[in-house]
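This report concerns only the one structure given below.
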Amino acid sequence: MIVKVREYMVLEVEHFNRSTTVGEAIDLLSRSRHHGLPVTDENNRLVGFVSSKELLRNANHRERPLSEIIRPGTYTATPEMALDDVARIMFRYGLRDLPITDDAGKLCGVISNLDIVRSHFERASPAKAETLKTLLSERYQLPFSSRRGLVPIATLRPTQWKVYEDELEGRRYELERGFAEPVLVLQKGDKWILVDGHHRALAAQEMGLQQLQAFILTSDKPHEFAATETGFERLAREHHLESLSDIEIDRAAHHPLIEVTTQLLRRFDRGDDHATH
């Protein structure tokens, strides 16, 4: 299946008018998280893109309108383009953001390299669900189905007893930007057993979210499945895990992935010749 740009582009686009002055643009861009923004005319037609570098080069001419400093035209995409093709364009030209225009040339969205990465995460998640579905079917000799949906965070029963504070911070950042992949949940009657995505779920709860996107697995023979205690439930019972509040947050140690990365950086800082081996 071909994934289209429209499925991942951001519709609410921050942009400048070509009559915006350099000074106004600098002030606005410095308060945003962007490194540059599209520029439109009075009819919302895209006329170019201004980067922070271009603004800095003209910082001594704050009264000049953007129309005088930008090069006309810029790289663009349309909502119906294949996302993988757009990813190649962005990679080839080192673009962080790509404006999306409609048939009339009007700005209708933007896609970032973060959106591209998010799409790959989300496309990888169904493979996890399919793998777990196969394992459950083989283990309990029952048919299982999976679907995408929202799960109530307050009723999730965890199966992991410890998370790391630094990884939680990363998940908060991802959630704020709509970047986090769905969690993986096993539904058993009215029970929601969290199998994968504990950092995401706990970060979402701390942020005050009520629901979370998930891949949900259920047995096609719920009465037979209800009579069996799964390994996930046994693990939760042995570690006294009933809700996300029972998870320990390790604020002293690093998540293993962060720890490995930090060690490598330290070795490079020391000039260790074996750092790349």
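Values as computed for the structure displayed
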quantity: Top-ranked residue in the stretch 214-244 [being among the small types (Gly, Ala, Ser) and more than 24 Å from the chain's Cα centre (by Cα); ranked as most open to solvent (accessible area, probe 1.4 Å)]; calculated: 227
quantity: Per-region count, the stretch 24-46, residues in contact with an Asp or Glu (Cβ under 7 Å, 6 or more places away or on another chain) and farther than 17 Å from residue 95 by Cα; calculated: 1
quantity: Residue 106 vs. criteria of a type in the set (D, E, K, R), crowded, with 17+ Cβ neighbours inside 10 Å and on the phi < 0 side of the Ramachandran plot; calculated: no
quantity: Residue 84, sole failed condition from (1) open to solvent by less than 80 Å² (accessible area, probe 1.4 Å); (2) farther than 21 Å from residue 113 by Cβ; (3) not in a strand (DSSP E or B); calculated: (2)
quantity: Output for the stretch 132-146, where each listed residue is hydrophobic (A, V, I, L, M, F, W, C), surrounded by fewer than 18 Cβ atoms within 10 Å (Cβ to Cβ) and touching a helix residue (DSSP H, G or I) at 6+ places or on another chain (Cβ under 7 Å); calculated: 142
quantity: Residue match in the stretch 54-77 (condition: closer than 26 Å to residue 115 by Cα, touching a Lys or Arg at 6+ places or on another chain (Cβ under 8 Å), assigned to a strand (DSSP E or B) and of a type in the set (Gly, Ala, Ser)); calculated: no
quantity: Hits in the stretch 65-98 - residues which are over 20 Å from residue 17 (Cα atoms) and among the basic types (Lys, Arg); calculated: 88, 92, 96
quantity: Matching residues in the stretch 163-188 - criterion: being modelled with pLDDT of 90 or more and open to solvent by 30 Å² or more (accessible area, probe 1.4 Å); calculated: 187
quantity: Among residues of the stretch 25-58, those that are surrounded by 11 or more Cβ atoms within 10 Å (Cβ to Cβ) and over 20 Å from residue 96 (Cα atoms), counted; calculated: 5
quantity: Hits in the stretch 1-47 - residues which are assigned to a loop (DSSP other than H, G, I, E, B) and in contact (Cβ under 8 Å) with a residue 60 or more places away in the chain; calculated: 2, 3, 8, 9, 11, 13, 15, 34, 35, 43, 44
quantity: Residue tally, condition surrounded by fewer than 23 Cβ atoms within 10 Å (Cβ to Cβ), free of Cβ contacts under 8 Å to residues at least 60 places away in the same chain and either among the hydrophobic types (A, V, I, L, M, F, W, C) or closer than 14 Å to residue 148 by Cα (or both), over the stretch 189-199; calculated: 2
quantity: Subset of the stretch 200-213 that is in a loop (DSSP other than H, G, I, E, B) and in contact (Cβ under 8 Å) with a residue 12 or more places away in the chain - its residue that is most open to solvent (accessible area, probe 1.4 Å); calculated: 210
quantity: Boolean, residue 12 is under 23 Å from residue 177 (Cβ atoms), surrounded by fewer than 16 Cβ atoms within 10 Å (Cβ to Cβ) and not basic (Lys, Arg); calculated: yes
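The values are calculated or read from the model by the stated rules, or taken from the named source; none is laboratory data. Model, not experiment: these values are computed from the prediction. Cβ sites come from the backbone with ideal geometry, for glycine too, and all protein chains shown count toward neighbours. Remember, those area values only see protein heavy atoms, side chains included, never the ligands or the DNA or RNA. Shrake-Rupley method; radii C 1.70, N 1.55, O 1.52, S 1.80 Å.
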